[in-house]
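Quick notes on the structure that follows.
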Amino acid sequence: MSIPSPEQSERPVWPALIAGLRRRCPNCGRGRLLHSYIKVNDQCDVCHERFEHHRADDGPAYLTILLVGHLMAPLLHVVFVKFRLEPLTLFGIFAVGCVALSLCLLPKFKGAVVAFQWARRMHGFGR
């Protein structure tokens, strides 16, 4: 039985995901993962872990749409049945709510997807 090298050892997924949701480096948990709204830094300022090989692509957007849709659809039904608001008022409230929630969640999910790829050594993170 051989001892795995540090490059082959398992990286903990949950701490990396939590750091990613906080938009922090999945390696050290202190450096910033994103340098603007959803732009990923090339490397961590603290531990110098490299992030340029991430492939988040459309994953964060899909997760955001999935969560926002599953939260807002039942809530829309409950509010419509219970309060019977005017359609334009209901549309206005839920349109603003969907946009605000989506804008809040998208960078968090971007960080989580990059952190998951880092933890699983996907797309060049294993080198």
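The values are calculated or read from the model by the stated rules, or taken from the named source; none is laboratory data. Note that this is a predicted model, so its numbers are computed, not measured. Virtual Cβ from ideal backbone geometry, glycine too; neighbours counted across all protein chains shown.
Just to be sure before I move on: is Gly20 of a type outside the set (A, V, I, L, M, F, W, C), part of a helix (DSSP H, G or I) and surrounded by fewer than 16 Cβ atoms within 10 Å (Cβ to Cβ) in the structure I sent? Considered against the rule, which asks whether it is of a type outside the set (A, V, I, L, M, F, W, C), part of a helix (DSSP H, G or I) and surrounded by fewer than 16 Cβ atoms within 10 Å (Cβ to Cβ), Gly20 comes out as no.
Is it fair to say Pro107 is within 16 Å of Phe125 (Cβ to Cβ), in a helix (DSSP H, G or I) and touching a residue at least 12 places away in the same chain (Cβ under 8 Å)? It is false that Pro107 is within 16 Å of Phe125 (Cβ to Cβ), in a helix (DSSP H, G or I) and touching a residue at least 12 places away in the same chain (Cβ under 8 Å).
Flag not set for Leu67, criterion: under 15 Å from Leu105 (Cβ atoms), modelled with pLDDT of 95 or more and touching a Phe, Trp or Tyr at 6+ places or on another chain (Cβ under 7 Å).
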